[in-house]
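The values are calculated or read from the model by the stated rules, or taken from the named source; none is laboratory data. All values derive from a computational prediction rather than experimental measurement. With ideal geometry, Cβ positions are generated from the backbone for all residues, glycine too; neighbour counts draw on all protein chains shown.
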Amino acid sequence: MSEQAVADAPEQPPPVRARRHLLDNERFLAFGAMTPAVVYILALVGFPFVLAVVLAFSDVTVGDPSLDLVGFDTLRQVVADPVFWQSLRNTLVFTLVSNGLVVVLATALALILTKNFRGKWLVRFLVLLPWTTPVSLATITWLWTLDSIFSPIDWVLRQVGLIESNVIWLGHPKLALASVIVVHTWRIVPLAAVIIMAGMISIPGEIRDASDIDGARFWRRTLEIEIPLMAPIIGVAVLFGVILTVTDMTVVYVLTRGGPTNATQVLSSWAYFKGIEGGDLAQGAGTALFLLPVLIAVAALILRFARRRDVL
Amino acid sequence: MTVLDADRRSADRRRVWGRVALYVCAIGAALAAAFPFLWSTITMFKQDQDLYTKDNNPFWFNEPPTFEHVSYLFTNTEFLTFVRNTVVVGLAVVAITLVVSLPAAYSLARLVGRWGERMGIAIFLVYLIPPTLLFIPMSRVVSALGLHESLWSLILVYPTITIPISVWLLMGFFKGIPRDIEEQAMVDGYSRAGAVVRTVIPLVFPGMVAVTVFAFTLAAHEFIYALSFVSATSEKTISIGVPTALVRGDVFFWQSLQAAAVIVAVPIALVFNLFLDRFISGFTMGAVKG
């Protein structure tokens with residue numbers, strides 16, 4: 001082998017001769033190149049993840065940081081609190097209702113944005129705003145839109161004569177719930193639409209063109225050809241939406257702080273108030289752990305959809 | 001003949017109505033999405049007296065517009081500190097993300113074969129583990145490392161969010177580059193690593209730009225880690241600084257708050273609008289089996 005190399009050397013001098021063996025070894029390169037990413041993820045996702053589970057079975061607080069394992073005691077305390085159940089129910093309601101709306105609205109938006117029309121860039125820019133703006137700032141614009149006295153929505157309703165004084169959107173439990181759902185839907189629709197548009201590219205253009213030439217009417221074409229083809233990618237988009245809603249605390253934190261009286265509390269905000277503001281790390285971690293089954297189910301579903309359509 | 005004409009006319013009419021419906025839907029969608037921002041944009045230029053008069057038309061200036069509250073944001077609040085912190089964290093996170101993700105994405109796309117696919121899925125699953133599940137143990141890790149109350153905590157932790165999604169995006173871009181190119185360079189006498197650096201990396205540059213925009217935005221968006229790790233105003237990012245530090249007690253500086261939201265929202269959305277098509281093709285290219 002060395003003889004061969006020497007024989008070849010005068011004709012094709014390798015630029016970096018000494019390190020050639022190692023840098024040409026595929027296996028070494030592959031694993032070497034992945035090491036930083038794997039180490040980063042193991043150290044800062046894998047380890048904290050294990051720690052999250054361990055904390056949930058301990059009694060660690062900020063005041064008493066020694067790690068004593070207490071079995072199921074902490075989790076038992078977590079579920080004994082009625083606010084926990086309220087948070088769990090709110091999390092499910094927010095997620096299901098807003099993502100139900102996301103399916104319809106994002107599909108419609110994707111269909112609109114794949115057509116050609118004048119001023120499309122402006123429409124695209126405006127439509128992207130809710131998704132690209134940091135969630136907390138986007139929610140602040142809603143906090144002002146839903147203001148208890150100066151809400152422009154109230155002003156319009158007053159002008160039309162539907163209400164006399166103010167609605168106080170964030171002050172009533174039911175209206176506050178509805179407000180949080182609207183904000184979630186509003187901010188997730190653009191992202192879901194973008195994912196759906198990405199998936200639509202893989203639908204062969206001929207199918208769409210062919211149905212154009214056939215003169216198939218708009219609704220028939222949309223409902224019978226385009227949407228069935230898009231179904232798996234719509235599924236993926238919604239599952240992303242579900243993850244974003246299930247795990248989000250920003251909207252609730254900025255808009256209502258979980259109020260009025262925990263009416264809009266969700267698991268993640270409750271975990272934050274218990275774990276960070278209340279200093280009970282064990283109970284906070286235990287509360288957040290209840291998100292895990294949802295996440296595992298969603299991950300499994302995404303992989304199934306993705307396999308079927310090769311979209312991921 | 002006349003039957004054909006009638007057919008054509010009705011087809012034309014359908015097309016016209018189709019266009020009208022399309023424009024109505026597009027404008028409706030744009031207004032629904034942008035409504036709170038439009039309201040914020042009007043608000044930020046309003047005088048107090050105009051804004052806080054309940055029966056004034058909220059959508060128009062009943063008193064002359066003023067820049068007072070916008071300049072208050074820049075001169076009398078920590079807004080610029082938050083912007084600077086966000087930029088520092090964002091750039092550092094982008095650098096770490098690129099350095100770690102580029103080699104990983106390349107080897108997943110090209111070198112590892114069947115294992116590559118499995119590792120790709122594993123990395124994707126990591127993306128689905130949210131900060132919500134990790135922020136409490138992570139706050140222990142951060143204080144154990146002595147990074148509490150410091151931007152370094154965010155610089156260290158945010159790549160856990162950006163690396164998985166970036167590896168995924170870049171994998172798509174690498175798969176879009178024909179193998180022949182680097183094989184040609186290897187025939188020319190470069191090692192595999194040399195061939196990649198010289199031929200593939202320049203071609204994947206658009207992917208790196210996409211990852212830069214994506215990672216920077218994710219870092220600017222992040223809320224729960226920042227809220228848990230940092231409480232000193234001087235170390236806050238925009239995402240937590242504006243909603244927590246610009247509200248003093250029960251007093252809301254509404255015009256300045258809305259100005260902050262609009263000033264941050266518009267540039268990010270513009271950049272995303274420029275790169276949207278690239279993101280869309282990047283996500284799809286990840287699907288092309290290598």
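You will find that of A:Val70, A:Val78, the residue that is at pLDDT below 90 and buried (at least 16 other Cβ atoms within 10 Å of the Cβ) is A:Val78 and no other. Being facing chain A (nearest Cβ under 9 Å) and touching a Phe, Trp or Tyr at 6+ places or on another chain (Cβ under 9 Å): is that true of B:Leu134 here? In short, yes. Filtered by the rule that a residue be aliphatic (A, V, I, L, M) and more than 14 Å from chain A (Cβ to nearest Cβ), region B:56-91 gives B:Val70, B:Leu80, B:Val88, B:Leu91.
Candidates B:Glu149, B:Glu183, B:Glu222: the one that is acidic (Asp, Glu), buried (at least 23 other Cβ atoms within 10 Å of the Cβ) and assigned by TED's automatic domain parsing to the domain that holds B:Gly241 is B:Glu222. Can we say A:Pro293 is surrounded by fewer than 18 Cβ atoms within 10 Å (Cβ to Cβ), assigned to a helix (DSSP H, G or I), in the same structural domain as A:Leu109 (by TED's automatic domain parsing) and modelled with pLDDT of 80 or more? Spelling it out, A:Pro293 is indeed surrounded by fewer than 18 Cβ atoms within 10 Å (Cβ to Cβ), assigned to a helix (DSSP H, G or I), in the same structural domain as A:Leu109 (by TED's automatic domain parsing) and modelled with pLDDT of 80 or more. For A:Val62, the conditions (1) within 12 Å of chain B (Cβ to nearest Cβ); (2) buried (at least 20 other Cβ atoms within 10 Å of the Cβ) are fulfilled apart from (2). Taking region A:144-203, which residues are outside any loop (DSSP other than H, G, I, E, B), out of contact with any helix residue (DSSP H, G or I) (no Cβ under 7 Å at 6 or more places or on another chain) and among the polar types (S, T, N, Q)? Listed by number, the list holds a single entry, A:Gln159.
Okay, residues lined up against (1) more than 9 Å from chain A (Cβ to nearest Cβ); (2) among the aliphatic types (A, V, I, L, M); (3) closer than 30 Å to A:Gly278 by Cα; (4) not in a helix (DSSP H, G or I):
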{"position": "B:Ala105", "(1), (2), (3), (4)": "no, yes, no, no"}
{"position": "B:Arg110", "(1), (2), (3), (4)": "no, no, no, no"}
{"position": "B:Trp115", "(1), (2), (3), (4)": "no, no, no, no"}
{"position": "B:Ile121", "(1), (2), (3), (4)": "no, yes, no, no"}
{"position": "B:Ile129", "(1), (2), (3), (4)": "no, yes, yes, yes"}
{"position": "B:Arg140", "(1), (2), (3), (4)": "no, no, yes, no"}
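Screening the candidates B:Leu257, B:Leu151 for the property of being modelled with pLDDT of 85 or more and out of contact with any Leu (no Cβ under 8 Å at 6 or more places or on another chain) yields one hit, B:Leu151. Checked against (1) among the basic types (Lys, Arg); (2) without any contact (Cβ under 8 Å) to a residue 12 or more places away in the chain; (3) within 10 Å of chain B (Cβ to nearest Cβ), A:Arg304 passes all but condition (3). Residue pairs whose Cβ atoms lie under 7 Å apart, sitting 6 or more positions apart in sequence or on different chains, and linking a residue in region A:71-85 that is among the aliphatic types (A, V, I, L, M) to a partner that is assigned to a loop (DSSP other than H, G, I, E, B), are A:Val83/A:Asn262; A:Val83/A:Gln265. Taking region B:150-263 and the helices (runs of 4 or more DSSP H) fully enclosed by it, the elements with 1 or more residues that are more than 11 Å from every other protein chain (Cβ to nearest Cβ) and among the acidic types (Asp, Glu) are at B:179-187. Considering every residue within region A:208-221, establish whether at least one is at pLDDT 80 or above and either assigned by TED's automatic domain parsing to the domain that holds A:Leu88 or in contact with a Cys (Cβ under 6 Å, 6 or more places away or on another chain) (or both). Checking region A:208-221: not a single residue is at pLDDT 80 or above and either assigned by TED's automatic domain parsing to the domain that holds A:Leu88 or in contact with a Cys (Cβ under 6 Å, 6 or more places away or on another chain) (or both).
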